[in-house]
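The values are calculated or read from the model by the stated rules, or taken from the named source; none is laboratory data. Here the structure is a predicted model, which is why all the values come from computation and not from measurement. Cβ: placed from backbone, ideal geometry, glycine included. Neighbour counts: every protein chain shown. To get the accessible areas, we keep the full protein, side chains included, count just its heavy atoms, and leave off ligands, DNA and RNA. Shrake-Rupley method; radii C 1.70, N 1.55, O 1.52, S 1.80 Å.
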Amino acid sequence: MTAAAKINPGRPRRVEWLTLSLIAACYALWAQVTLWLAALSPALALACLALLIAFHSSLQHEVIHGHPLPDRKASEWLVFPALGLFIPYCRFRDLHLQHHWDPKLTDPYEDPETNYLDPAVWDRLPEFLRLILRFNNSLFGRMLIGPLISQFTFMADDWRRIRSGEAEILHHWLLHAAGAAPVILWIYSLSQLSVPAYLLAAYAGLSLLKIRTFLEHRAHTRPTGRTVVINDRGWLALLFLNNNFHIVHHMNPTLPWYELPKLFDSERERILQVNDGYMYDSYRTVFANFLLKPKDPVPHPLWPES
C-alpha cells in the first residue's frame, strides 16, 4: 500500500462542479480580455492573459489527473483549446504522468521535468552554457529564460523522436495545431492584440508557471524526500490550484486541488516526516531566498547514487 492510499483510500467519482466552473470562468475571462480589455489597455490585457494562460495550464494539470468529470476524454475536450500555444496537451499529459514515477524523480534521464544534468554531461558543456544554466537555477533566471530553455530542449527531443519514427508524438503535435489554430485566428480576427503580443503573453504565462516548478523537487537519497510543500494560501496558490502542496499531490495524485490544503493541515507532521521537512512557508520566502541565488547545482549532486 502506498503512502497515498494510507492517507486517502479512495473516493467516489463524481462531477467536480467547482473545477468545472473554473474552466468555464477561465474561457469567459479570456474572451473578455482579448475582446474588451485589449481595446482599452493592451498592456493590462497582456498581464491578465499571462495569468489566465498559467491558470489554464493548472486546469489542464487537474484534467491530467482525472478531474473534473468521470469521463477522462470528456474532461480532456474541456481543455483542448491551446490557450498557451507552446505545449501540446497530450505531450504535457504523457510526460507529466511519466514524471509521477516517484522512484525516478530528479533522474536526469528518466524524469522529463527535472533540471538536473548528469555530471558527466555537465563536464562536457562549454563554459558559456554552464553560465546560462547556472543563471537558470535562480528564480529570476528561471522566469526570464527558463521557458525558452525548456521549450527548446522539449521540442528538440520531440523532433528527434518523430524523426526516429514515433508517429504518436507527431499526432499529438498535429492535434495541438488544431487546438492552437482557433486561438490564433481569434486573436488575428477579433482582438486588438497582435499575434506577436499574444505570444509574449503566452511566454509570460510559462514564466509564472516556473515559479511553481522552481522548488518542486530536490536531490535526496529517498524519493519521498524529493518533493516540496510551499505552505502558501495566497493568489499564487490559487493560480497553481494548490499544487504548491506538492508532496501531498504526489502522495495522492487523484485528490482534487481544493482538498490538498485540508489534507496537509490534518496530516502535517506525518507528511513532513515523509518528505524530510522539505517545506517553505510561502512564495514570499522563496523569492527572498532564491530570486538571484541558484537553488542548487545544475549537475545532480547525488548522481548516480540516488
The range 239-306: relative contact order from alpha carbon pairs under 8 Å, six or more residues apart, as a whole percent, is 21
Taking only the alpha-carbon atoms of the chain, what semi-axes of the equivalent ellipsoid follow from 5 times the gyration tensor eigenvalues under a square root, in whole Å, largest first?
29, 25, 20
Could you give each residue of the range 169-176 its phi-based ³J(HN,Hα) in whole Hz, using Karplus coefficients 6.51, -1.76, 1.60 with θ = phi - 60°, and x for Gly or Pro?
5, 4, 4, 5, 5, 5, 4, 4
Using 0.36 nm per residue of separation minus the Cα-Cα distance, give me the extension gain between Glu76 and Leu131 in nm, one decimal.
15.9 nm
Which value at 222 nm does the chain reach when only helices count, each DSSP H run of 4 or more adding -39,500 (n - 2.57), with the total divided by all residues and rounded to the nearest 500 deg cm²/dmol?
-17500 deg cm²/dmol
Report the dimensions of the range 113-231 along its three principal axes from the alpha-carbon atoms, largest first, rounded to Å.
52, 40, 34
Gaussian network model of the chain, Cα within-10 Å springs - most flexible of Val121, Val248, Val15:
Val121
For the chain: relative contact order, % (alpha-carbon pairs under 8 angstrom, 6 or more apart)
26
Using θ = phi - 60° and the Karplus relation 6.51 cos²θ - 1.76 cosθ + 1.60, list the HN-Hα couplings for the range 188-200 in order, rounded to whole Hz, with x at every Gly or Pro.
5, 8, 10, 9, 6, 6, 8, 4, x, 5, 5, 4, 5
Amide H contacts under 5 Å for Gly84, restricted to residues at least 5 apart in sequence or on another chain and with H modeled in the peptide plane, are none
Per-residue SASA entry for Tyr203, accessible area with 1.4 Å probe, Å² rounded to 10
60
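Where the accessible area of the chain is counted over protein heavy atoms with a 1.4 Å probe, how much of it, in %, is carbon and sulfur?
On the way: 9830 of 14880 Å².
In the chain, the share of accessible area belonging to carbon and sulfur is 66 percent.
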Rounded, prolate or oblate: which fits the range 216-258, taking a ≥ b ≥ c as square roots of the Cα gyration tensor eigenvalues, rounded meaning a/c under 1.5, else prolate when a/b beats b/c?
oblate
Could you give the size of the charge dipole of the range 148-259 about its Cα centre, using +1 on the Cβ of each K and R and -1 on the Cβ of each D and E, expressed in debye and rounded to the nearest 20?
300
Quote the accessible area belonging to Leu292 in square angstrom, nearest 10, computed with a 1.4 Å probe and with ligands, DNA and RNA left uncounted.
140
Filtered hits (aspartates and glutamates, Cα-Cα < 20 Å from Lys295, offset >= 8 within chain) -> Asp107, Asp111, Glu113, Asp118, Asp123, Glu127, Glu216, Asp232, Asp276, Asp281
With springs connecting C-alpha atoms under 10 Å apart, model the chain as a Gaussian network and identify which of Ala180, Ala204, Ala120 has the largest mean-square fluctuation.
Ala120
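Over the chain, average the accessible area per residue using a 1.4 Å probe and give it in Å², no decimals.
49
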Net charge of neighbours whose Cβ lies under 15 Å from the Cβ of Asp158, counting Lys and Arg as +1 and Asp and Glu as -1:
0
Normalising by the residue count of the range 107-202, find the relative contact order in percent from Cα pairs under 8 Å and 6+ residues apart.
8
Need one value: the accessible area of Ser21 in square angstrom, 1.4 angstrom probe, rounded to the nearest 10.
70
Within the set Ala219, Ala167, Ala74, GNM on the chain using Cα springs under 10 Å gives the largest fluctuation to Ala167
